[in-house]
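First comes the structure, then the notes that go with it.
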Amino acid sequence: MDKCCIVLNPEARASRKLGVASQIARLAPGAVVRLTKGPGHAADLARQAVAEGFHTVVAGGGDGTVNEVLSGIAGSNTRLGVLPLGTMNVFARELALPLEWTAAWARIAHGAERRVDLGWANGIPFAQLAGVGFDAQALTQVNPTLKRFLGPPAYVFAGLQVLSQRLPRLNISAQGMPPMQGVWVVLGTGRYYGGPFPLFPNAKNGDGLLNVLVFRDLNLKCLLSGLLTLPFGWHPKLPEVTYFRTTRLRVAMHLEGTEISGLELDGELRGHAPVDFHMTPRALRVAV
């Protein structure tokens with residue numbers, strides 16, 4: 001295959017459990033493997049790989065590692081590969097990639113690819129999803145020990161903690177939509193969010209559109225209603241929810257200077273409101 005660099009997060013959940021770092025040299029003898037040392041390092045390693053002329057840069061980790069590697073290769077013609085070793089692996093699910101890492105590597109080595117849309121938030125790229133408000137706040141509450149041992153349930157516990165707090169109001173303006181307010185805005189380039197959950201039932205990565213859910217209010221009853229209706233695709237019809245598709249979106253605080261709502265991209269904290277979102281259609285080459 002083409003010249004390939006694997007940026008591997010040795011602390012990713014499956015990476016630790018399966019001992020991937022010690023096996024990958026045997027499975028991918030022609031690839032260069034570089035281990036991350038902490039937050040932000042994957043982006044630096046990916047940027048270095050692009051400068052060195054690697055044709056494919058593989059993100060070995062979860063969605064956060066994918067996001068960092070994407071930050072390092074965005075704007076180049078370098079192909080992205082995904083070894084799903086994280087807790088959720090939402091982007092891998094979206095592209096119907098194998099969730100078992102050796103099978104995922106076989107796909108990368110095979111050489112087939114697909115062009116997908118690239119989302120942007122304040123100039124930072126994201127592969128699959130973004131959120132302002134509730135989910136970003138929940139990320140600040142996730143217990144690292146629980147995440148290490150429990151995986152996805154750690155996010156559930158954090159979300160329940162945030163529901164007991166007052167969420168700041170947001171002003172939302174989008175191309176083709178009247179101005180609105182809410183407490184949580186979720187965006188996706190594809191269908192899935194938080195694992196195998198089709199939060200955006202009408203999404204199709206490749207059409208150049210952002211899929212947006214605005215929650216005008218959020219409490220335990222609303223969240224449970226959403227979870228119960230999610231498998232049937234009925235959640236966009238809940239009275240607290242507005243679902244639409246657009247090419248551009250701005251999310252700002254309703255009361256500037258008094259409160260802050262965080263921004264998450266692909267499950268990682270990346271700043272706070274105000275945020276300007278847009279899409280670059282079919283800008284990213286991905287090994288499939």
Take the conditions at pLDDT 95 or above, small (Gly, Ala, Ser) and in the same structural domain as Gly86 (by TED's automatic domain parsing) and apply them to Ala46. Does it pass?
yes
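Do the conditions hold for Glu52, that is, is it at pLDDT 95 or above and within 17 Å of Pro125 (Cβ to Cβ)?
Details: at pLDDT 95 or above: yes; within 17 Å of Pro125 (Cβ to Cβ): no.
In short, no.
Restricting to the stretch 20-47, give me the number of residues that are over 19 Å from Asp63 (Cα atoms) and either among the small types (Gly, Ala, Ser) or out of contact with any helix residue (DSSP H, G or I) (no Cβ under 9 Å at 6 or more places or on another chain) (or both). Break it down into steps so the answer makes sense when it comes.
First, the residues of the stretch 20-47 that are over 19 Å from Asp63 (Cα atoms): 22-32.
Imposing the further condition that a residue be either among the small types (Gly, Ala, Ser) or out of contact with any helix residue (DSSP H, G or I) (no Cβ under 9 Å at 6 or more places or on another chain) (or both) reduces the set to 22, 25-26, 28-31.
Qualifying residue count, the stretch 20-47: 7.
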Counting only residues that are free of Cβ contacts under 8 Å to residues at least 60 places away in the same chain, give me the helices (runs of 4 or more DSSP H) lying completely in the stretch 1-108 with at least 3 of them.
20-27, 41-51, 63-73
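Just checking, how many residues over the stretch 84-120 are closer than 27 Å to Phe277 by Cα and either in the same structural domain as Asn67 (by TED's automatic domain parsing) or out of contact with any Phe, Trp or Tyr (no Cβ under 6 Å at 6 or more places or on another chain) (or both)? Reasoning before the result, please.
So the first thing to find is which residues in the stretch 84-120 are closer than 27 Å to Phe277 by Cα, and the list is 84, 86-97, 113-120.
This time we only want the ones that are either in the same structural domain as Asn67 (by TED's automatic domain parsing) or out of contact with any Phe, Trp or Tyr (no Cβ under 6 Å at 6 or more places or on another chain) (or both), so: 84, 86-97, 113-118, 120.
So the count comes out to 20.
Being farther than 28 Å from Ala273 by Cα and either buried (at least 17 other Cβ atoms within 10 Å of the Cβ) or among the hydroxyl-bearing types (Ser, Thr, Tyr) (or both) is the filter here, so list the residues in the stretch 71-83 that pass it. Steps first, please.
The initial filter retains those residues of the stretch 71-83 that are farther than 28 Å from Ala273 by Cα, namely 77-83.
Matches in the stretch 71-83: Thr78, Arg79, Leu80, Gly81, Val82, Leu83.
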Which of the residues spanning the stretch 169-217 are surrounded by fewer than 16 Cβ atoms within 10 Å (Cβ to Cβ) and within 19 Å of His272 (Cβ to Cβ)?
Ser173, Gln181
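Among residues belonging to the stretch 257-280 that are part of a strand (DSSP E or B) and of a type in the set (A, V, I, L, M), point out the one that is surrounded by the most Cβ atoms within 10 Å (Cβ to Cβ).
Checking each candidate, the answer is Leu265.
The values are calculated or read from the model by the stated rules, or taken from the named source; none is laboratory data. Predicted model, so just to flag it, every value in this text is computed and none were measured. Note that we place each Cβ from the backbone using ideal geometry, even for glycine, and neighbour counts take in every protein chain shown.
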